[in-house]
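Data block below; observations after.
What follows is calculated from the coordinates using simple rules that are stated; it is not laboratory data. Quantities reported herein were computed from a predicted structural model and do not represent experimental measurements. Glycine also receives a Cβ, built like all others from the backbone with ideal geometry; neighbour counts cover every protein chain displayed.
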Amino acid sequence: MFNFTIHKELPNGLGRVGTIHTPHGDIQTPAFVAVGTKGTVKSLTPEQIIETGVQTIIANTYHLYLEPGDEKIKNMGGLHKAMNWKGPLMTDSGGFQVFSLGVAYGKNGVSKISHKKNEELLLPARNEFVEGSMTYKAPATIDPNGVMFRSHSDGSAHYFTPEKSIDIQHNLGADIIFAFDECTSPLEPLHYQKEALERTHRWAKRSLEHHKELISRSEENFLRDLGKNPQTTQKDFFKPALFGIVQGGRSEKLRKESAEYIGSLDFDGFGIGGSFEKEDMDKAVEWCNSILPKEKPRHLLGIGEPLDLFNAVEKGCDLFDCVSPTRIARNGGVYTKNGRINLLNEQFRNDSKSLDGDCGCYTCKNYSKSYIAHLFRAKEILAYTLTSIHNLYFITHMVDGMRETIQTGDFMAYKKDFLSRYYKDNL
RNA sequence: GCGCCGGUCGGAUAGUGGCUAUUCCAGGGGACUGUAAAUCCCCGGUCUUUAUGACAUCGUUGGUUCGAGUCCAACCCGGCGCA
């Protein structure tokens, strides 16, 4: 069964070290969760993923619902069996796609971390965007009950409600699932943030109620069949944990209100969602985590970069996932202790050294920059595998260091040392 | 020697009288934070005050025209054919 134990806390802060126990094994926290949107961490086998130090993977409801379909995954024996992943698994609710295919669709500069403060990015018609003389309709539109999506691959229309998302997630069968939410753009005005938050709260409650109903229904079936297989005991009943998601944009009032409300519901843990401007994130996380019940785990959704992870852990997050290590890897971006490099730069064509000095990952132990740079230029698939292995190893071992130093009391020194090397004078 | 065809960026291409010479690849750089992402964006003739700037440029040289990569002539180079 699902539970969370805290082993050690930061003396004057929110950060902590713990263990999340799931039906498919334990997660030592804080932990970086690898993103496997379509049921695979792109370019890696489960064995390769484990070797990087990744403990758990998060897949996506929207993508798997569209292809191959959650029923098909169920018929494959569930997501664990289909993926051949024996460790803990999570699924995102599809709520983020409300954002990425809705308000953020086709607008450069609006993403998880927004770098542009251009108010014009906020278009009057929320689900339209203009390019040149053409106006395009975004493939996701929100109403009080749910969201209409158009499939990005065939244009077909689909309707998600909180209940639908939970149904799909139960079919997929991950250990930790998320409530259906709306992720807003930081450029939205306060009145819209408020409206969206109220909707997310209603959706959270509906997600939870439906989740409980599905569990009691399947528990009844399970108990009815219990006698048929003498090996089975009641303990074998599989029950996913549901995390509720806190939103509220950049407003302290809304964030706190959301943490109060979501925290008061009977969730197994929490997600902190939202699209941020770079400097907003720490504050938002701190507002939320100082209110959310301490004894339940908190997952910061979609974050991030080394600096973000240190701050998130310091402010009390236990889990986080991010596409960044694997996505930048596929485009030649490589983390090193002295900052990020772009392997496709000309200077690395003749660099016979490993990606990152004394790094202990499979890639660094066996390959040179010049060889991997060659693989990229030759568009060889192995390039993506090798850099993904390195970047995941880099991030998971950085987080390992956070766990260790929270235990030993050296976290702040570790943070300072790591970041000053990584960002040098750019901090 | 004669005839035909062809010469446009590093390579390949589009353009057959109209003002900004197209696209792809290769090259150089950038972006990427709950993955529509092995994707996307920028640069790529010269000069300068780096711009909605000036001046060039489609083998070479002339010509026709208000205007030529485009039409005409000669020449140069390449391919094919015939001697």
Length added when fully stretched, A:Glu220-A:Thr45, from 0.36 nm per residue minus Cα-Cα: 59.4 nm
For chain A: span of alpha carbons on each principal axis (Å, largest first): 64, 64, 48
A:Ala59 long-range amide H proximity, modeled H, under 5 Å: A:Gly36, A:Met90, A:Thr91, A:Asp92
Leading residue at positive end of dipole, chain A (Cβ point charges), from A:Pro186, A:Met398, A:Thr61: A:Met398
Flagged links, alpha-carbon separation over 19 Å, of A:Lys353/A:Lys379; A:Lys212/A:Lys256; A:Lys72/A:Lys212; A:Lys337/A:Lys415: A:Lys353/A:Lys379; A:Lys212/A:Lys256; A:Lys72/A:Lys212
Only Lys, Arg (+1) and Asp, Glu (-1) charged, at Cβ; the range A:330-426 dipole about Cα centre in debye: 260
Inter-label distance for A:Glu213 and A:Lys81, nm, one decimal - labels placed 7 Å from Cα along Cα-to-Cβ: 2.7
Anchor A:Lys369: aspartates and glutamates whose Cα lies under 17 Å away (excluding residues fewer than 8 positions away in-chain): A:Glu346, A:Asp351, A:Asp356, A:Asp358, A:Glu380
Amide H contacts of A:Gly271 (H built 1.01 Å from N, under 5 Å, at least 5 apart or other chain): A:Gly244, A:Ile245, A:Val246, A:His299
Vicinal HN-Hα couplings computed from phi for the range A:298-309 (Karplus, 6.51 cos²θ - 1.76 cosθ + 1.60; Hz; Gly/Pro x): 10, 10, 8, 7, x, 10, x, 7, x, 4, 4, 5
A:Gly15 long-range amide H proximity, modeled H, under 5 Å: A:Leu10, A:Gly316
Restricting the range A:239-308 to GluC sites (Glu not before Pro) in coil, as DSSP defines it, with at most 15 other Cβ within 10 Å: A:Glu295
For the range A:387-404, 3J(HN,Hα) per residue [Karplus equation, 6.51 cos²θ - 1.76 cosθ + 1.60, θ = phi - 60°, Hz, x = Gly/Pro]: 6, 5, 4, 4, 5, 5, 4, 4, 5, 5, 6, 5, 6, 3, x, 5, 4, 4
Antiparallel DSSP beta bridges within chain A, as percent of all bridges there, nearest 5: 50
From phi via Karplus (6.51, -1.76, 1.60), per-residue ³J(HN,Hα) for the range A:367-378 in Hz, x at Gly/Pro: 9, 9, 4, 4, 5, 5, 4, 4, 4, 5, 5, 7
Förster-model FRET efficiency, 35 Å R0, A:Tyr362 and A:Glu67, C-beta, rounded to 0.05: 0.70
Dipole in debye (nearest 20) - the range A:172-219, about Cα centre, beta carbon charges: Lys, Arg +1; Asp, Glu -1: 140
Low-density loop cleavage sites - GluC sites (Glu not before Pro) in the range A:1-86, where at most 15 other Cβ are within 10 Å (DSSP): none
Two-site FRET efficiency, A:Lys74 against A:His191, from Cβ-Cβ distance with R₀ of 45 Å, rounded to 0.05: 0.65
Virtual spin-label span in nm between A:Thr19 and A:Arg340, 7 Å along Cα→Cβ: 3.5
Largest-first principal axis extents of the Cα set of the range A:330-426 (Å): 47, 27, 20
